[in-house]
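Data first, discussion second: the structure below is written as structure tokens.
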Amino acid sequence: MSGFKSLFKQTFIYGLATVLPRMLSFILVPLYTDPSVLSRAEYGEVSFIFAYFVLFNVVLAYGMETAFFRFFNKEENQKNVLNTSATSLTVSSLAVLGIAFLFRNQISSLIEIDLQYLNLVFLILLLDALVIIPFAWLRATSQPTKYAIIKILNVAVNLGLNVFLLVYLKDLAETNSIFNSIYKPKFEINYIFISNVIASALTLVWLLPFYRKVKFKIDIKLWKKMMNYALPVLIAGVAYSINETFDRILLKELLPENIADDQIGMYSACYKIALFMTLFATAFRLGIEPYFFSHSKTKDPQKNYAKILEFFIAFGAIILVTVVVFADIIKPIIIRSEAYYDAMWIVPFILLANFCLGIYHNLSVWYKITDRTKYGAYISVFGAVITLLINYILIPKIGFKGSAIATLCAYSLMMFLSYFFGRKYYPIPYNLKKIVIYLLVSISFSFIYFYNFRGNYFIGFTAIIVLLGIVFQLEKNEIKKLLK
């Protein structure tokens, strides 16, 4: 149980590193959805560009972060792992983005991103790639507090610059010649990415002391082993980025030009309401990933892995029902304009989809610690195929609703496949009875309430209380142990 306490402590701190910055960034959604700052179509364009960020970040990381964790805990010479991974990512990032910059005009035409924005995107990608291993090293060496502080500072700078450049700069430019020299009208989208550039640059500066530990050399034999481990992770990551963000790209491609950006804007804004589940799942994953690797050689680790998933599903079920019940109270806080509310229909689907994704990440322990990462690639590619197929079928018929359905189908199928293969290659004694109860009750409550009793808070509160009672009754012994 002491191992669980350590796990929850780290998860809490990583949660701060993830949740607090994202909670601060909630301010950006009301800002971006304010009609006086961006139109719905402009917000759709920003969301479209950020969709490509996910894909590009995955390609530039090419699974090296996960490989670093695996080999840092596996190899005796940890310094060698550090040098090889840091050197590999530094050289590859400079080379790939250098070539991309040379062909920026062709890339701009191909992916339909204005060149002025694309130049800023390349710079952000480079800066972010150079901090991948430093952040991974902080996690691997159990420095969650430092990790959290730097992450929070990054988003605080980004947030502050967004607010200053989008809200205050115009007024200051009218009365001050210095601010007038840097203000440009109709430059709002550029300001958003300039804020990202400055925040990412400062993050790299804060992490520069890490590079003093690095000798820029590559152990070719080790690098080949790491790449064999990492490449399936890369394939899985690309497939994941398709599942996560290609809905925006496909909405742009498959809908008429006069409505595409508006639909992307509405969809992206209401998608943010599911952020509570994403934050929880991400914080949990950041906490458990080092734990999975470091405890893989302990006696009978499968029992602990099973209990971890059970805790995750219990908490996730509570979050699912709670956010669904209070979605209409949350929405005006996050989304400033009623022009976006037509997409609220997607909220239960996206929440449940991200819940399934979180379960999948917990289940994926089996292929990571048995070095069968190729199965992660297979499962993610299958999910990507499902995403593309359902989006292509449904978007022309029902627009963004089709994207929400596709996301849920992809993540739920990935979850089931991971469980199925895990039973064969690394059996873990999951308590299926509890898991099924939590999932069945929370999903039923959420969908029945939202589509039949939405706004009836007596029924909503009752659903939450009933679910909390079920969780407490089934987990009361574990809760007592954790509190001791």
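The values are calculated or read from the model by the stated rules, or taken from the named source; none is laboratory data. Source: prediction; values computed, not measured. Because the Cβ atoms are built from the backbone with ideal geometry, glycine has one as well, and the counts that use them run over all protein chains shown. SASA here: full protein model, heavy atoms, side chains in, ligands and nucleic acids out. Shrake-Rupley method; radii C 1.70, N 1.55, O 1.52, S 1.80 Å.
Tabulated values for the structure
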| read-out | value |
| --- | --- |
| Subset of region 59-91 [touching a Leu at 6+ places or on another chain (Cβ under 9 Å), open to solvent by 30 Å² or more (accessible area, probe 1.4 Å) and in a helix (DSSP H, G or I)] | Val59, Glu65, Asn80 |
| Condition check for Leu432: surrounded by fewer than 13 Cβ atoms within 10 Å (Cβ to Cβ), out of contact with any strand residue (DSSP E or B) (no Cβ under 6 Å at 6 or more places or on another chain) and at pLDDT 95 or above | no |
| Among the candidates Lys401, Lys397, residue that is charged (D, E, K, R) and either crowded, with 20+ Cβ neighbours inside 10 Å or under 22 Å from Ile329 (Cα atoms) (or both) | Lys401 |
| Only one of Leu138, Leu125 that is within 19 Å of Phe56 (Cβ to Cβ), of a type outside the set (Gly, Ala, Ser) and in a helix (DSSP H, G or I) | Leu125 |
| Search result, residues across region 187-222 that are without any contact (Cβ under 8 Å) to a residue 60 or more places away in the chain and part of a helix (DSSP H, G or I) | Tyr191, Ser195, Ile198, Ala199, Leu202, Val205, Trp206, Leu208, Pro209, Ile220, Lys221 |
| Region 423-442: number of residues that are under 23 Å from Glu475 (Cβ atoms) and in a helix (DSSP H, G or I) | 11 |
| Selection within region 125-157 - among the charged types (D, E, K, R) and at pLDDT below 90 | Arg139, Lys146, Lys151 |
| Of all residues in region 244-258 being of a type in the set (D, E, K, R) and either closer than 15 Å to Pro396 by Cβ or modelled with pLDDT of 90 or more (or both), the one that is surrounded by the most Cβ atoms within 10 Å (Cβ to Cβ) | Asp247 |
| Tabulated pairs, region 244-255, first under 13 Å from Phe50 (Cα atoms), second part of a helix (DSSP H, G or I) and open to solvent by 10 Å² or more (accessible area, probe 1.4 Å), C-beta under 6 angstrom, 6+ apart or interchain | Glu244/Val54; Thr245/Val54; Arg248/Ser47 |
| Elements of type helices (runs of 4 or more DSSP H) in region 319-384, at least 2 residues being out of contact with any strand residue (DSSP E or B) (no Cβ under 9 Å at 6 or more places or on another chain) and without any contact (Cβ under 8 Å) to a residue 24 or more places away in the chain | 327-334 |
| Residue pairs meeting the criteria (Cβ under 7 Å; at least 6 apart or on separate chains; first more than 15 Å from Phe72 (Cα to Cα), in region 131-144; second outside any loop (DSSP other than H, G, I, E, B)) | Val131/Thr203; Val131/Leu204; Val131/Leu207; Pro144/Gln10; Pro144/Ile13; Pro144/Tyr14 |
| Flag for Ile49 being assigned to a helix (DSSP H, G or I) and either crowded, with 20+ Cβ neighbours inside 10 Å or aromatic (Phe, Trp, Tyr) (or both) | yes |
| Breaking point among (1) under 18 Å from Glu65 (Cα atoms); (2) part of a helix (DSSP H, G or I), for Lys397 | (1) |
| Inter-residue pairs, beta-carbon under 7 Å, first among the charged types (D, E, K, R) and in region 395-415, second surrounded by 20 or more Cβ atoms within 10 Å (Cβ to Cβ), 6+ apart | Lys401/Ile346 |
| Residue list for region 382-414, restricted to those being within 18 Å of the chain's Cα centre (by Cα) and among the β-branched types (Val, Ile, Thr) | Thr387, Thr407 |
| Extreme residue, nearest to Leu250 (Cα to Cα), among residues of region 96-113 that are open to solvent by less than 50 Å² (accessible area, probe 1.4 Å) and assigned to a helix (DSSP H, G or I) | Ile111 |
